[in-house]
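Here the structure is laid out as structure tokens; the discussion comes afterwards.
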Amino acid sequence: MQLLSTSIRKLSALALGVALALGPGPADAQNLFAPVIKINDSVVTAYELEQRERMLTVLRAPGNIEELAREQLIDDRLRIQAANAAGIVPSEEEVLDGMTEFAGRANLSREEFIQALEGAGVAAQTFRDFVRAGLSWRLLVQARFGGRVNLSEAEIDRALGASGGSSVRVLLSEIIMPAPPQQAEAVRERAERISQTTSEAAFSQAARQFSATATRQAGGRLPWQNLEDLPPVLRPLVIGLAPGEVTDPIPITDAIALFQLRGIEEVGYTPPTYSAIEYAAYYMPGGRSEATLAQARVLASQVDRCDDLYGVAKGQPEEVLERQALPPAEIPTDIAFELSKLDPGEVSTALTRSNGQTLMFLMLCGRTGEISEDLDRDQFALGLRNQRLNSLAESYLSQLRADARIVTQ
């Protein structure tokens, strides 16, 4: 996308200009190629560390850039070493395809992406090395563990609850970023960047900085939830993730949502599903202003059930209070997700309408139980396979780290 490319060039050119203005002397330039980290028989130079930091800065990676760059380079060396030991070396064509795939996430061609990086002082080889390490690891993990995560039909049945009465619950973190029309493009680009992270710490930091929900102070972290309680549109997205991965940005009314999977497990009971969910929405002018949020807190302390809202709305225009009883699939995604967190009589003030000018005081009235249809079997199996494969890969990388000789300077 031209806008993203232009923004990257402008921001990166400024950073590079400052670096050039400060200008390393000859001795400093020479020291750039001195080792700063030793990993077994491999080294990371100061130049490589600086390059990775610049690339992460251009990509606006959340968190401590210097620390993240060091950790990534250590892991990349370990991944390359393990892949080489197994005789796995990606072809040049595979690496180029990987670079093209990565650039496509920003709606740029490979050439445009490289040009944007070079405008920020990031060498094309730095990008190439980054992709090569990730691709080598992916091929190694598939070769080493792929045969160990083939799911039997019985395993899928148990996980789906088709036999044995079991179900699945998930541990999620959320970021809900307001996106009024005048800011929608910038918010969407920020969401795209955040969606690339696999770090729980980085996602939580982004939630504290950008999210508009009550969970922001907790880094967006939510408690365990039954998969069946999530909005139907969200279930296949979540089940297709491996722990640490983030959904693509999800447009919702006046906002963009992101969800990170922190954990998934099978539980030994089948939770109830619902044919209808009843809720009430009372619309308050002022959006998320301090005054309106304060009024909402007072109102929440005064009402215990949805019927109480009729007295609150008395004498006001009819449209200020909306009460619905809908099948889960027909409830707007943002409302459905907020309702999934609530018990009857509880309230959420996370949502807005009218481009952020109106606060939605959302109350769950009740749920009508019914056995719902199973999840898509193929999507469900893919999610379970990814989760197991990711767990094996993370354990293997932890083992490589524990066995490695790592010396930092």
Matching option when the condition is crowded, with 20+ Cβ neighbours inside 10 Å, assigned to a loop (DSSP other than H, G, I, E, B) and modelled with pLDDT of 85 or more, among L258, L241:
L241
Restricting to the range 213-234, count the residues that are of a type in the set (G, A, S) and under 12 Å from E338 (Cβ atoms).
1
Just to verify a result, which residue in the range 117-148, among those that are over 24 Å from the mean Cα position of the chain (by Cα) and of a type in the set (A, V, I, L, M), is modelled with the lowest pLDDT?
A143
Tally time: how many residues in the range 30-70 are surrounded by fewer than 19 Cβ atoms within 10 Å (Cβ to Cβ), in contact (Cβ under 8 Å) with a residue 60 or more places away in the chain and under 12 Å from Q409 (Cβ atoms)?
3
Cβ-Cβ distance below 6 Å, separation of 6 or more or different chains: which pairs start in the range 97-119 with a residue that is more than 19 Å from I194 (Cβ to Cβ) and end on one that is charged (D, E, K, R)?
M99/R110; T100/R110; G119/R9
Would you confirm, using the coordinates I've provided, whether P251 is modelled with pLDDT under 90 and under 24 Å from E330 (Cα atoms)?
yes
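Residue-by-condition table, conditions (1) polar (S, T, N, Q); (2) surrounded by 17 or more Cβ atoms within 10 Å (Cβ to Cβ):
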| residue | (1), (2) |
| --- | --- |
| R77 | no, yes |
| I80 | no, yes |
| A83 | no, yes |
| I88 | no, yes |
| E93 | no, no |
| A106 | no, yes |
| S109 | yes, no |
| I114 | no, yes |
Please identify the pairs in which a residue from the range 182-208 that is assigned by TED's automatic domain parsing to the domain that holds R262 and assigned to a helix (DSSP H, G or I) has its Cβ atom under 8 Å from the Cβ atom of a residue that is surrounded by fewer than 18 Cβ atoms within 10 Å (Cβ to Cβ) and among the hydroxyl-bearing types (S, T, Y), counting only partners at least 6 apart or on another chain.
E189/S7
Residue hits (the range 180-215; crowded, with 17+ Cβ neighbours inside 10 Å and hydroxyl-bearing (S, T, Y)) are S195, T197, S199, S204, S211, T213, T215
Which count do you get for residues in the range 95-104 that are acidic (D, E) and either buried (at least 18 other Cβ atoms within 10 Å of the Cβ) or touching a strand residue (DSSP E or B) at 6+ places or on another chain (Cβ under 7 Å) (or both)?
0
Hits in the range 63-101 - residues which are in contact with a Ser or Thr (Cβ under 9 Å, 6 or more places away or on another chain) and of a type in the set (S, T, N, Q):
Q81, N84, T100
What number of residues within the range 209-229 satisfy the criterion of being assigned to a loop (DSSP other than H, G, I, E, B) and either out of contact with any helix residue (DSSP H, G or I) (no Cβ under 8 Å at 6 or more places or on another chain) or not assigned by TED's automatic domain parsing to the domain that holds I256 (or both)?
7
Of everything in the range 101-114, what is more than 23 Å from the chain's Cα centre (by Cα) and farther than 23 Å from L49 by Cβ? Give them in sequence order.
S109, R110, E111, E112
Residues that are out of contact with any Pro (no Cβ under 8 Å at 6 or more places or on another chain), modelled with pLDDT under 90, not aromatic (F, W, Y) and not assigned by TED's automatic domain parsing to the domain that holds A186: does the range 32-49 have at least one?
yes
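The values are calculated or read from the model by the stated rules, or taken from the named source; none is laboratory data. Computed from a predicted model, the values in this text were never measured in an experiment. Reconstructed Cβ throughout: ideal geometry from the backbone, glycine too, with neighbour counts over all protein chains shown.
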